[in-house]
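The values are calculated or read from the model by the stated rules, or taken from the named source; none is laboratory data. Predicted model only: the values in this text are computed from it and were never measured. For neighbour counting, all protein chains shown are included, and Cβ atoms are generated from backbone atoms with ideal geometry for every residue, glycine included.
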Amino acid sequence: MKVLFLNIAIILFLNLNFLIFSKDFPVPIVENEFNELIKTIDKEINAINFKTKIKFLKYTAPYAPYDLLITNTFKPEEKAKLKNMFFGFISVKFNIGIKEVKKTCDDLLSNSYYSFWKRELTKNLSEIILIKNNIENKNKIIILSHWVEKDEFRINNYFSFNNKKYIAVPTEIGGFIPSLKKEIAANDYFEKELQVNETEIKQLLDSLKEINILAYVRVNDKIIKFICAGVSDNEIGLMFINDKKDLPQIDSYDDGGKQYIMIEKIKENIYIYKTS
């Protein structure tokens, strides 16, 4: 988390109805699209009752409904700035102040927090490998995530959230998700698109919840991640790679604009990582 930029984003959102950066916007080509997204999400969050810190942390967890995913190609640094701006907006909508946001990020990046998750991931490694193999047998699953809310989850761009089931359609220029929502019946998506049934998906989600994993993500054909904690560009998880040459380098960025600040081997081609 680049705290200075996040602070600026939060202050701007506190003082403006919507973010208008004009020439200072970090990625000018998506400025209008980003502002339209903010307006849409602003109305959506206004309708949510009991905007608590717990809900804020759940809804901004990795691959949760208010975690900005940028699917089109931009520089990693640009993606990181856009993610932090969006996160700043969400924190304001949930009445979370700058000090609280900074403390949340600092806690997530602390050595003690990392050590805790290292113990948990190592302890549950055999179960994680079983889940990985099970999901890989259903080869159309790219993302499977939840945010510790009953019957709410994400599979690829399908969401079950806030009593609605919908496909998030990426925006045209930025490829932003959250975005336009296209409502769809669960069975239509599971059986026609994924060729699995809803029961199988719920069993996989239960398996992830039992070992405190928030998300499974097939980054590409070389890297698979199991994410246990995170907000914005801060993340801790387990990374499976096909070959050592595929291992990201410290200070490099992943495709989502998250910068690797720690990578530690725990087994051949299996690593614990932390991003910021």
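Observations
- Residue within the stretch 46-59 that is aromatic (Phe, Trp, Tyr) and in contact (Cβ under 8 Å) with a residue 12 or more places away in the chain present: yes
- Only one of Leu12, Leu16, Leu6 that is touching a helix residue (DSSP H, G or I) at 6+ places or on another chain (Cβ under 6 Å) and modelled with pLDDT under 85: Leu6
- Scanning the stretch 84-95 for residues that are over 16 Å from the mean Cα position of the chain (by Cα) and surrounded by 13 or more Cβ atoms within 10 Å (Cβ to Cβ) returns Val92, Lys93, Phe94.
Matching residues to (1) at pLDDT 90 or above; (2) among the acidic types (Asp, Glu); (3) closer than 27 Å to Ile141 by Cα; (4) not assigned by TED's automatic domain parsing to the domain that holds Ile141:
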site	(1), (2), (3), (4)
Pro26	no, no, no, yes
Val30	yes, no, no, yes
Asn35	yes, no, no, yes
Lys39	yes, no, no, yes
Ala47	no, no, no, yes
Lys55	yes, no, yes, yes
Phe86	yes, no, yes, yes
Phe89	yes, no, no, yes
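- Screening the stretch 96-140 for residues that are more than 22 Å from Lys274 (Cβ to Cβ), surrounded by 14 or more Cβ atoms within 10 Å (Cβ to Cβ) and not aliphatic (A, V, I, L, M) and picking the one that is modelled with the lowest pLDDT gives Lys138.
- Any hit, the stretch 64-83, residues being buried (at least 18 other Cβ atoms within 10 Å of the Cβ) and in contact with a His (Cβ under 9 Å, 6 or more places away or on another chain): yes
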